[in-house]
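**Q** To start, I am sharing the structure in question, which I have written as structure tokens.
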Amino acid sequence: MDESSVRQVAIKQALTNAYRHGGTADPRAVIGAVLGELPHLRSQAKEIIPLIEAATAEINSLSQDTQATKLEADYPGILAQLTGKKEERRNLPKLDDAKQGKVITRFPPEPNGYPHIGHAKAVILNYRYAKMYSGKLILRFDDTNPGQEKIEYYEAIASGLDWLGIKPDLVKNTSDDVEKIYGLAKRMIDLGHFYVCECNQATIKENRARGKECEHRGMGIGWSQDHWDSLFSSYQENEAVVRFSGHMKDPNTALRDPTMLRIIGHSHPLTGNKYRLWPTYDLASPLEDSMDGVTHALRSKEYELRDELYYRILDALEMRKPRLIEFARLTLRGTPVSKRILKSFIEEGWVDGWDDPRLPTLLGLKRRGIVPEAIGEFVEGMGISKSESEPTWDLLQSINRKIIDQVTKRYLFVGDPVKLVVENAPSLSVILKHHPDNDLGQREVETRGRFYISKADVEMFKDGEIIRLMELFNFQLTKRGGSLGGTFVGVENIHGIKKIHWVPEDAVKFEVRIPGPLFKGEIRNEDTMEIVKGLGEPKTRLLRKGERIQFVRFGFCMVDSEGVAILTHK
Ligand SMILES: [Zn+2]
């Protein structure tokens, strides 16, 4: 158990509860909410309850105003939900120095993997701001690390944006500008801000950690100028790099002479073998943003330490400086977004591929049944807050549910089915609406006294009880020994009667896969895909891949293949 994360969740839940109840959170409700959010800790309730109580007492000791301010600062999404408003202004505050029609933002992904929810956050925020100011969004593939990049990934990112409904005003590649970047880098050498270093990677790393300068740093501008050409000819990979001349003892380690250009022999997916000296992100990012006319660059908080380097490069070159704005990185609890981890899961065959519904990739979310509008609302709810919160799937799912509920057709489904024969039952043909409130059409279901019902339902009833098959008729249950049966009682709905759902005997085999989190805390969750085998009503035979349905009293699903569905959420 990680005490600080329990505390974080407890504070959040106490704030939420206090906001709802006039400034005083109910400790029991907070305990329930925390255990609901951290179900894997239920077995340790004894140890965590005192932590939750302490956090609740702490929140209750604050004034109502302080609670509200804290909630707004740390959990704007929750506040927006509680107030029921679309707090666009609150979560997307005005940008400094932004003029209508003049704002240019950018989304610079490296084409080295499939886009995931973290990318969605970055691109949505940049896009929303461009829209807010009638400005422009640039999609710039930050493709300066050829060994990692593939055409497949450029395409996956472009179609991911398309799915999110985002149309960039300009699409370009950092690799388009390599010559310009060389020119600017050479000027930095001439000005003494960059130098050529022949140390190997390990030495550079060690010296940066120890704050130690290498011999090349002191060789002077002339030496670096003389060795510049060799970067394009005699030097091989790992024999030389170009570094920024910062300070090797700078408390901000990002300024300890970071690498600006390095030789990579691997062929590039777009430029082939034309270039082999490639700028790092730290160099390409400020130069490209400035040259592209970017006015406001929103990027996630892990780059914050590198802001100073970004500005120092542009200052030295007397180039226009965009404004950098940082926001908290988005990960969903239990779901890593690291490309390295996701790739290893795929290579091991532990998940299906980039579109596995357990993954936070856009393809995975789509296959699972999350709609792009829900992702947009989810991201806007967090806004540009820098506070690190790790939202759960539940929040994304509850937003998604609200959006799809009104437009999704209902079908009958019985999980873990058992057969039920009802004596004397009339043969009926019932018309069932696809949606209780909205006109989504209807279908006819025929019954002849033989049904399947769910085993879990059967276990709840006693021998002799009178039960109603939903929208059909009442029967008396006989449960003797291992056998199950029933006798028809009547069709009239009786007030207060218990109802169960059913499918007729010509039902179709359907399997529902329930994706779970990949991790429980730090530990890999081995049981990530629960499978429920059941039966769908006969019309489910006609459902095709990509259709969104709700299995009544079971959950919203995406049909994944014939007879197989993935649970989107309850
Ligand atoms: Zn060196």
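**Q** Beyond 27 Å between alpha-carbons counts as too far, so tell me which of K131/K570; K339/K509; K455/K498; K409/K509 fall in that bin.
**A** Checking Cα-Cα distances, K131/K570; K339/K509 exceed 27 Å.
**Q** Turning to a different aspect of this structure: Compute and list, largest first, the equivalent-ellipsoid semi-axes of the chain from the alpha carbon gyration tensor, each √(5λ) rounded to a whole angstrom.
**A** 56, 27, 22
**Q** Quick one: helix 393-404 against the long Cα principal axis of the chain, what's the angle to the nearest 10°, folded into 0 to 90?
**A** 60
**Q** Still on this structure, please answer the following. May I ask for the angle, rounded to the nearest 10°, between helix 201-210 and the longest principal axis of the chain, with both axes built from Cα atoms and the value confined to 0 to 90°?
**A** That helix lies at roughly 90 degrees to the long axis.
**Q** For n ≥ 4 DSSP H runs only, could you compute -39500 (n - 2.57) per run for the chain, divide by its residues and tell me the 222 nm figure to the nearest 500?
**A** One gets -10500 deg cm²/dmol as the mean residue ellipticity at 222 nm.
**Q** OK, next. Nearest 20 debye, what's the magnitude of the dipole of the chain about its Cα centre given +1 on Lys and Arg Cβ and -1 on Asp and Glu Cβ?
**A** 1160
**Q** Which number comes out as Rg/Rh for the stretch 339-407 once both Rg and the Kirkwood Rh are worked out on C-alpha atoms?
**A** 1.03
**Q** Please report the spacing between the Cα centers of the stretch 257-297 and the stretch 380-407 in Å, no decimals.
**A** If we compute the Cα centre of each part, the gap is 35 Å.
**Q** With label points built 7 Å along Cα→Cβ from the Cα atoms of E302 and W350, find their separation and express it in nm.
**A** 1.8
**Q** Now for a different question. Could you run the Karplus curve 6.51 cos²θ - 1.76 cosθ + 1.60 with θ = phi - 60° over the stretch 330-345 and give me ³J(HN,Hα) per residue in whole Hz, x for Gly and Pro?
**A** For the stretch 330-345, the Karplus-derived couplings read 9, 9, 9, 4, x, 10, x, 10, 4, 4, 4, 5, 4, 4, 5, 4 Hz, x marking Gly and Pro.
**Q** If you keep only loop residues by DSSP, which GluC sites (Glu not before Pro) in the stretch 317-411 have at most 14 other Cβ atoms within 10 Å of their Cβ?
**A** For GluC sites (Glu not before Pro) across the stretch 317-411 that sit outside H, G, I, E and B with at most 14 neighbouring Cβ atoms in 10 Å, the list reads E318, E388.
**Q** Right, something else. Between E562 and Q225, what is the label-point separation in nm under the 7 Å Cα-to-beta-carbon projection?
**A** Label-label distance for Q225 and E562, simple model: 7.5 nm.
**Q** Structure shown: which of K172/K301; K150/K212; K301/K321; K274/K366; K419/K462 lie over 26 Å apart, alpha-carbon to alpha-carbon?
**A** Violating the 26 Å Cα-Cα cut-off are K150/K212; K274/K366.
**Q** Here is a further query. Students often get this wrong: which residues of the stretch 454-489 have the backbone nitrogen under 12 Å from the point 7 angstrom along Cα-to-C-beta of E423?
**A** It comes to 476-479, 485-489, nothing else.
**Q** Still on this model: For a quick check of your reading of the filter: which trypsin sites (Lys or Arg not before Pro) in the stretch 458-521 sit in a DSSP loop and have no more than 12 other Cβ atoms within 10 Å?
**A** K462
**Q** In debye, nearest 20: dipole of the stretch 282-384 around its Cα centre with unit charges on the Cβ of K, R (+) and D, E (-)?
**A** 280
**Q** Also: If you take every DSSP beta bridge fully contained in the chain, what fraction is antiparallel? Give it as a percent rounded to 5.
**A** Roughly 70 percent of the DSSP beta bridges within the chain come out antiparallel.
**Q** Where does helix 307-316 land angle-wise versus the long Cα axis of the chain, in degrees 0 to 90, nearest 10?
**A** Tilt relative to the chain: about 30 degrees.
**Q** Related question: Tell me the label-point distance for the pair A209, K498, using the 7 Å Cα-to-Cβ offset, in nm and rounded to one decimal.
**A** Roughly 6.5 nm, to one decimal.
Bear in mind that the values in this text are calculations on the coordinates, not laboratory data. In this text the structure is predicted, and so the values were computed from the model without any measurement. Don't worry about glycine lacking a Cβ; one is built from the backbone with ideal geometry, like all the others, and counts go over all protein chains shown.
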